[in-house]
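Laboratory data are not the source of any read-out in this text; all were calculated from the coordinates shown. Being a predicted model, the structure only gives us computed values, none of them experimental. Positions of Cβ are generated from backbone atoms using ideal geometry, with glycine treated the same way; all protein chains shown enter the neighbour counts.
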Amino acid sequence: MKIFKTFGVLAALSLFPAAAQQEKAPAKAPAVKTVDGGAVEKKIIGKWAPDPEAVMKEIQKDLADDPSTALPLPLPLLQTMIRNMAVEVRKGEITIHAMGKQTATYRIIKVDKAANKLTLQITDDDGVQEGSATVEEKKDGRKTLTLEKDGEKFVLNSITASEFKKRKNAGAKPPSFPGLK
């Protein structure tokens, strides 16, 4: 399923236990000119949580594109993991907390101030790829961050520090289901 492969950066792969992931040697980043993200980068730095509706739309789109593809996890488990996932963006890195943590690094290669968009060189377990981060500021003060890589979108909403801590703690362990131990 594309969304799970595409967002290695956002650890849609981290939805799976680390033991299930294959180990790969990180690829060396090709030489590119890094630019200062300035005010746009400052807007993406913060604490985020996946937008459940947007994530489910992306999953449904992937299933419609290839109906033979099966979900890697039962839908209720997947929805629980999405509700517990926390994402933290710091200068130069993105960390996803979901059943552990996974960090990717980024370098800014282009800034579009008018669109609040950064073009990024992302280095993660899958190697080095290009992606983007676009932030939208809402009238009520909230922000939405859309990360794109390989044509796939991952939409995140800004969250408070206390919500981040709650999600980070919940995401550190597998979700519990009644009747299962």
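Some observations on this one:
- Peptides 93-101, 56-64 ranked from most to least packed give 93-101, 56-64, packing being the mean of other C-beta atoms within 10 angstrom over each peptide's residues.
- Taking label positions 7 Å along the Cα-Cβ direction at both Glu137 and Lys91, the computed distance is 2.0 nm, reported to one decimal.
- Global form of region 59-115, assessed from the alpha-carbon gyration tensor, a/c cut-off 1.5: oblate
- Here the simple spin-label model places points 7 Å from the Cα toward Cβ, and for Ala114 and Val128 these points are separated by 3.0 nm.
- Members of Lys101/Lys143; Lys42/Lys110; Lys47/Lys110; Lys91/Lys166; Lys57/Lys113; Lys110/Lys149 lying beyond 21 Å, as alpha-carbon distances in this model show: Lys101/Lys143; Lys47/Lys110; Lys91/Lys166; Lys57/Lys113
- Segment Thr144..Thr34, full-extension length gain: 37.2 nm, with 0.36 nm per residue of separation and the alpha-carbon distance subtracted.
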